Amino acid sequence: MRPLINYREHCKVRIRNSDPSFDQHEVVKLIICLLYARKYRFAGIYTEQELINGNIVDVMIDLGQEKIYIEIQKEISSKWLESIKDRDLELDINTLVIPLKKLSYNINNIKKELGDYLV
């Protein structure tokens, strides 16, 4: 029997920053949501999701037993990575980091390039 899905809650995509400099970030976030929605039909997909400690993660995929957390970052510094590792240890989660600078601006290419990062 297929589970009942509340489609109003199934996929919530929010734009956090409408500044033109964030266009690539928002497009990549939407493509990630579409790829996961196709792969995991019954998964809950949320963007700009607040975690227990108040931090906000770019994308969260809720597979029921497992959750996938994704951060899309333009500038990845060692200090930022360390803060993500500390947060992950504190909350007992794993975060997938996608370096925005390594992705192209072409939508078709972005889909192919994301295949290297996504589960």
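The values are calculated or read from the model by the stated rules, or taken from the named source; none is laboratory data. Quick caveat: nothing in here was measured; it's all calculated off a predicted structure. Cβ sites come from the backbone with ideal geometry, for glycine too, and all protein chains shown count toward neighbours.
Observations on the structure shown:
- Scanning region 12-31 for residues that are outside any loop (DSSP other than H, G, I, E, B) and in contact (Cβ under 8 Å) with a residue 12 or more places away in the chain yields Lys12, Gln24, His25, Val27, Val28, Lys29, Leu30, Ile31.
- Selection of region 36-63 for residues being of a type in the set (D, E, K, R), more than 23 Å from Ser104 (Cβ to Cβ) and not in a strand (DSSP E or B) yields only Arg41.
- Among the residues making up region 64-119, those that are among the hydroxyl-bearing types (Ser, Thr, Tyr) and either within 11 Å of Ile31 (Cβ to Cβ) or in a helix (DSSP H, G or I) (or both) are Ser78, Ser83.
Results for (1) touching a Pro at 6+ places or on another chain (Cβ under 6 Å); (2) at pLDDT 90 or above; (3) surrounded by 14 or more Cβ atoms within 10 Å (Cβ to Cβ), shown as yes or no for each residue.
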{"residue": "Leu51", "(1), (2), (3)": "no, no, yes"}
{"residue": "Gly54", "(1), (2), (3)": "no, no, no"}
{"residue": "Val57", "(1), (2), (3)": "no, yes, yes"}
{"residue": "Tyr69", "(1), (2), (3)": "no, yes, yes"}
{"residue": "Ile72", "(1), (2), (3)": "no, yes, yes"}
{"residue": "Ser77", "(1), (2), (3)": "no, yes, no"}
{"residue": "Arg87", "(1), (2), (3)": "no, yes, yes"}
{"residue": "Thr95", "(1), (2), (3)": "no, yes, yes"}
{"residue": "Pro99", "(1), (2), (3)": "no, yes, no"}
